[in-house]
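What follows is calculated from the coordinates using simple rules that are stated; it is not laboratory data. A quick note: this is a predicted structure, and the numbers were derived from the prediction, not measured. All Cβ positions, even for glycine, are placed from backbone atoms using ideal geometry, and neighbour counts span all protein chains on display.
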Amino acid sequence: MSDLAFITGTRKGIGRAIAEHLLSQGWIVAGCSRRESDLQHENYHHFNFDVSDETAVIDTLKKVKKTIQPIKVLINNAGVASMNHLLLTPLKSYEDIFKTNVQGTFLMLRETAKQMSRSGGGRIINFTSIANPLNLEGEAIYAASKAAVESLTKTAAKELAGMDITVNAIGPTPIETDLIKLVPKEKIEALVKQQSIQRLGTYEDILNTVDFLIKPQSDFITGQILYLGGVN
Amino acid sequence: MRIERQTLLELLQTILRELGEDLGKETLLQTDERTPLFGSRSDLDSMNLVNIITEIEERLSDDYDINITLASSSAMSRTRSPFLRVGSCVDYILELIEKQNNE
């Protein structure tokens, strides 16, 4: 029987690309977003909820386990970004970003790890960003939220290792997603110049990293932050 | 959602027995209401207790369709931890189930 991967934020962008990729490889995929998804596949199950809502996370993950099967891979992709000068950043932006990026990642990780601990382990992949190591101007709160995700990743990797659960994070460079479409072109060009490999990322770059982290032979890799494009 | 106290006690004892078999700790094979779950008199370390709490939550959900979260902030802030002994843990779980039934 195929294993099940749960991916957050599958309505569009990177989450959608990962869902379609794993479905094409024969995985059963469960995904979520706050709004409806038009992704149609016999092995795809969509749930509408906010990853920062504790009750919704608990109820949905129990439902997935009971009606489909326990989760083998969790990909915490859902995230929000907001570019603004620090002095012009409303508290509401801070709260929204931390709620989705940090609280959402934590809740999904906690509840999925409980399932995994009873079903022989699993793989958890969080999403960070090069905004953190590059200290990108205009992204102070977003970068801070991703720094929190990185710290959570490293500590969770230690605490969950005994349960045969690996926890790693991928830090993509900018790619053509909705998250960056409002960022001025010259800002993106300046950002790309800080990478060792100076180009925008692609979905394939991320899919390759996901494949690497979930393959059976990667069971000795945990607590790692994998930035793409040669950022460190 | 209903579960008898005796059933809950036996569930917890089963989990402890299975853990005892895994860890080779004989004290966990025969437990009673007074068996300590943590503290200097307990044979369990903090990770063992984490596993037990997770296991109770999952089995209550899978086998009895009871969905509760044991590690709440109210439990952690109590002067006397509900996880001190087997008996107090069972009482605490019943309290949570009752509370959820009344909501």
Please report, in Å, the Rg and the Dmax of the stretch A:1-90, where both are computed over Cα atoms only. 14.5, 53
Suppose every Lys and Arg Cβ carries +1 and every Asp and Glu Cβ carries -1, with no other charges. What dipole size does the stretch A:111-155 come out with about its Cα centre, to the nearest 20 debye? 360
Give, as a single signed number, the net charge of other residues whose beta carbon lies under 12 Å from the beta carbon of A:Ser52, with Lys and Arg counted +1 and Asp and Glu -1. -3
Among A:Thr89, B:Phe83, A:Pro70, whose Cα projects farthest towards the positive end of the dipole of the protein assembly as shown, with charges put on the beta-carbon of Lys, Arg (+1) and Asp, Glu (-1)? A:Thr89
What is the angle, in °, between the Cα long axis of helix A:140-160 and the longest principal axis of the Cα atoms in chain A? Nearest 10 is fine, range 0 to 90. 30
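Please list, by residue number, every one of the GluC sites (Glu not before Pro) in the stretch A:18-49 that is coil in DSSP and has at most 16 other beta-carbon atoms within 10 Å.
Details: sites: A:Glu20, A:Glu36, A:Glu42; in loops: A:Glu36, A:Glu42.
Qualifying residues, ordered by number: A:Glu36, A:Glu42.
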quick shape note, the stretch A:141-210: Cα extents on principal axes in Å, largest first -> 46, 28, 23
How far is helix A:54-67 tilted off the main Cα axis of chain A, in degrees rounded to 10, range 0 to 90? 40
Considering chain A as a Gaussian network with a 10 Å cut-off on Cα pairs, which listed residue, A:Lys72, A:Lys181, A:Lys154, attains the greatest mean-square fluctuation? A:Lys181
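Just from its helices, what would the mean residue ellipticity at 222 nm be for chain A, if runs of 4 or more DSSP H residues each count -39500 (n - 2.57) and the sum is divided by every residue, rounded to the nearest 500 deg cm²/dmol? Can you show the working numbers first?
Details: 7 runs with 89 residues, N = 232.
One gets -12000 deg cm²/dmol as the mean residue ellipticity at 222 nm.
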Find which of A:Ile28, A:Ala17, A:Ala140 sits farthest along the positive direction of the dipole of chain A, computed with +1 on the beta-carbon of Lys and Arg, -1 on that of Asp and Glu, about the Cα centre. A:Ile28
Percentage relative contact order, the stretch A:1-61, counting C-alpha pairs under 8 Å, at least six apart: 29
Among A:Asn76, A:Asn48, A:Asn168, whose mean-square fluctuation peaks in a Gaussian network model of chain A (Cα, cutoff 10 Å)? A:Asn48
Listed with the fewest Cβ neighbours within 10 Å leading, B:Cys89, A:Cys32 appear as B:Cys89, A:Cys32
What the 5 Å binned alpha carbon P(r) of the stretch B:5-102 shows, as percent of pairs per bin from 0, is 2, 13, 25, 29, 19, 9, 3, 0, 0
What are the semi-axes of the equivalent ellipsoid of the protein assembly as shown, taken as the square roots of 5 times the eigenvalues of the Cα gyration tensor, listed largest first and rounded to whole Å? 40, 21, 19
List A:Lys62, A:Lys146 from most exposed to least, where exposure is judged by having the fewest other Cβ atoms within 10 Å. A:Lys62, A:Lys146
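Any chance you could run the full-extension gain for B:Asp22 through B:Glu95? It's 0.36 nm times the residue separation minus the Cα-Cα distance, nm to one decimal. Mind showing how you got there, number by number?
Values: separation 73, 0.36 × 73 = 26.28 nm, distance 2.98 nm.
Fully extending the segment from B:Asp22 to B:Glu95 adds 23.3 nm.
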To the nearest 20 debye, what charge dipole does the protein assembly as shown have about its Cα centre, counting +1 at the Cβ of each Lys and Arg and -1 at the Cβ of each Asp and Glu? 640
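Note down, for the stretch A:72-121, the three equivalent ellipsoid semi-axes (square root of 5 times each alpha carbon gyration tensor eigenvalue), biggest first, whole angstrom. Kindly include the intermediate steps, with their values, before the conclusion.
Numbers: eigenvalues 198, 17, 6 Å².
In descending order the semi-axes read 31, 9, 5 Å.
Based only on other Cβ atoms within 10 Å, what is the fewest-to-most ordering of A:Thr128, A:Thr166?
Details: A:Thr128 28, A:Thr166 23.
Ordered from fewest to most neighbouring Cβ atoms within 10 Å, A:Thr128, A:Thr166 come out as A:Thr166, A:Thr128.
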Is there a quick way to get the dipole size of the stretch B:5-102? I mean about its Cα centre, with the Cβ of Lys and Arg at +1 and of Asp and Glu at -1; what is the value in debye to the nearest 20? 540
